[in-house]
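One structure is given below, encoded as structure tokens.
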Amino acid sequence: MSSKEDQVKRQVLNRLRRAQGQLGAVIKAVEGDGECQSVVTQLAAVSAAIDRAGFAVIASGMERCLGAPPSDNDKDLSIEELEKLFMMLV
């Protein structure tokens with residue numbers, strides 16, 4: 001794995017961990033009858049963090065697919081498959 005791929009992986013994991021923490025806060029807020037506006041705001045933050053992680057994964061795959069020869073560990077994804085992955089997030 002290249003240094004850039006390691007960096008993307010770290011960024012994705014950080015975003016997912018942040019989303020996990022935010023989701024925990026949402027659960028506690030709902031359990032504690034938290035204010036509706038606060039719960040919805042926190043849910044939006046969780047959703048955005050997960051979306052950004054997904055976009056980073058797809059962008060990394062697109063870059064690898066379009067710019068460099070695949071390694072033995074990579075599955076060659078067509079542009080159509082990458083587009084389907086992207087559209088799952090929007």
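Computed from the coordinates by the stated procedures, all read-outs in this text should not be read as laboratory data. On a predicted model such as this, the values are computed, not experimentally measured, just so you know. Quick reminder, even Gly has a Cβ in these numbers, built from the backbone with ideal geometry, and neighbours come from all protein chains shown.
When both residues are 6+ apart or on different chains and their Cβ atoms are under 9 Å apart, which pairs have a first residue that lies in region 47-60 and is farther than 11 Å from residue 8 by Cβ, and a second that is basic (Lys, Arg) and part of a helix (DSSP H, G or I)?
Filtered contacts from region 47-60: 49/15; 49/18; 50/15; 52/15.
Pull up region 23-48, narrow it to residues that are of a type in the set (Val, Ile, Thr) and within 23 Å of the chain's Cα centre (by Cα), then point me to the one that is surrounded by the most Cβ atoms within 10 Å (Cβ to Cβ). Let's see the steps before the verdict.
Narrowing region 23-48 to residues of a type in the set (Val, Ile, Thr): 26-27, 30, 39-41, 46.
Checking the rest, the ones that are also within 23 Å of the chain's Cα centre (by Cα) come to 26-27, 39-41, 46.
On the way: 26: 20, 27: 13, 39: 16, 40: 11, 41: 12, 46: 18.
Among those residues, the one meeting the criterion is 26.
So the check is Cβ under 7 Å with 6+ separation or different chains; which pairs have a first residue in region 8-22 that's surrounded by 12 or more Cβ atoms within 10 Å (Cβ to Cβ) and a second one that's basic (Lys, Arg)?
Listed pairs, sorted by first residue: 15/52.
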